[in-house]
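Before any comments, here is the structure.
No value in this document is a laboratory result; all are computed from the given coordinates. Just so we're clear, the structure is a prediction, and the values are computed from it rather than from any experiment. Heads up, the Cβs are rebuilt from the backbone with ideal geometry, glycines too, and the neighbour counts pull from every protein chain shown.
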């Protein structure tokens, strides 16, 4: 029978955990910096900057590495600045507020290069300059809150499942920051998450997620928002509309409460523009071309590519996103949609597309799905990634399957955080 640890015993362990003074030398994916312990093991230190001398306490030890908490910065980097948010260092939402924005871009570009070289085994990747965000703060059109046991809005603390009640956040767009402090759920417990999404004309959608299928008793008379309850029973509209309208490059997209959409509107526009500008360089699209848009969501890329090909095939497993996709691309007669996991849909397709575009979740491309893409033997694969580690893993498989990385561009979709978005173009000679 496993032994349990009392809170007092845990505190004693923390007090007796090894403490070291050392210099951190480089950045790691995940918002940490890396130093070396006296025994040569790498130690990962959150909130430290490269070239700083720090005091740290080990909190986790493995044979080849260790993790630590930062106790004190003894010799700060000249780049270190004061973070804007009072919760920085406790809240797990931001990782780089103590680093100037221009330096964040340099760090992220270096990490992307490292992941491609070390995990992907891509030698000297053709990495282009990072596309910066026009706003370093207040850029998110969608924000999700967890709730404390008292029903207060917050985020998970860094490397913890404990929820920190917050009194400020500098990532949501201004309209959302005016609304969320007015939300009070003290008398309505049971929600897993509370989301806010901002659309055109400052329309706001409040999304309540819970396992309870019963609709909550909720009044929002003083808030100009639509309200949707998401549960295992589906989507239930409590007030206003079931979806919101987002606008990208002048084109409107219906986005339901249960659908994914890029959280940074301007960067989403820049990514779409980048794809549209670069695909023609490969001279493979015309009125007879087939394009597969896998993990297509509500049709962000498909809507701009459908008119350039003879046949566009979307694949998406989320039922809400599929409904939105149909609505957003109803003007096109050359568009098809498979509502299924990508790995399940591909075997049913007897096609040889000219282009495959993938925009998978952070977990990257499923192995069976990637095998399916390789079997299709498309001359061009466009990979929109939000995680350089899984991109590196998939890059290694793509190279082994005969693809070559032609170019990759980072897009800073998530300033102040360690997350890195990128668009890469992979070519295959047949």
Item checked: Global form of segment 142-246, assessed from the alpha-carbon gyration tensor, a/c cut-off 1.5 -> oblate
Notebook entry, point to check: Which FRET efficiency value, to the nearest 0.05, is calculated for residue 160 and residue 333 with the Förster distance at 60 angstrom and r the Cβ-Cβ distance?
Noted result: 0.70
Checklist line | Per principal axis, descending, Cα span of the chain in whole Å | finding: 68, 58, 50
Next item on the list: Specify whether the C-alpha gyration tensor of segment 53-194 places it in the rounded, prolate or oblate class, a ≥ b ≥ c being the square roots of the eigenvalues: rounded for a/c under 1.5, otherwise prolate if a/b is larger than b/c and oblate if not.
Entry: prolate
Note to self: At a threshold of 8 angstrom on Cα-Cα distance, excluding pairs fewer than six apart, so keeping six or more, what relative contact order does segment 99-162 reach in percent?
What the structure shows: 18 percent
Margin query: Given the DSSP H assignment, sum -39500 (n - 2.57) over each helix run of at least 4 residues in the chain and divide by its residue total; what's the result at 222 nm in deg cm²/dmol, nearest 500?
Written below: -6000 deg cm²/dmol
Check: When ranked by the protection proxy of mean other Cβ atoms within 10 Å per residue, highest first, what sequence do the peptides 265-272, 368-375, 209-216 form?
Finding: 265-272, 368-375, 209-216
Note to self: Please check: in the Gaussian network model of the chain (C-alpha springs, under 10 Å), which one of 77, 133, 256 has the largest mean-square fluctuation.
What the structure shows: 77
Check: Can you give me the relative contact order of the chain as a percent, contacts being Cα pairs under 8 Å and 6 or more apart?
Finding: 13 percent
Notebook entry, point to check: Does segment 327-429 come out rounded, prolate or oblate, given a ≥ b ≥ c as the square roots of the eigenvalues of its C-alpha gyration tensor, rounded meaning a/c under 1.5 and, failing that, prolate meaning a/b above b/c?
Noted result: oblate
Notebook entry, point to check: Remind me, relative contact order of segment 357-430 in percent, using alpha carbon pairs under 8 angstrom and six or more residues apart?
Noted result: 36 percent
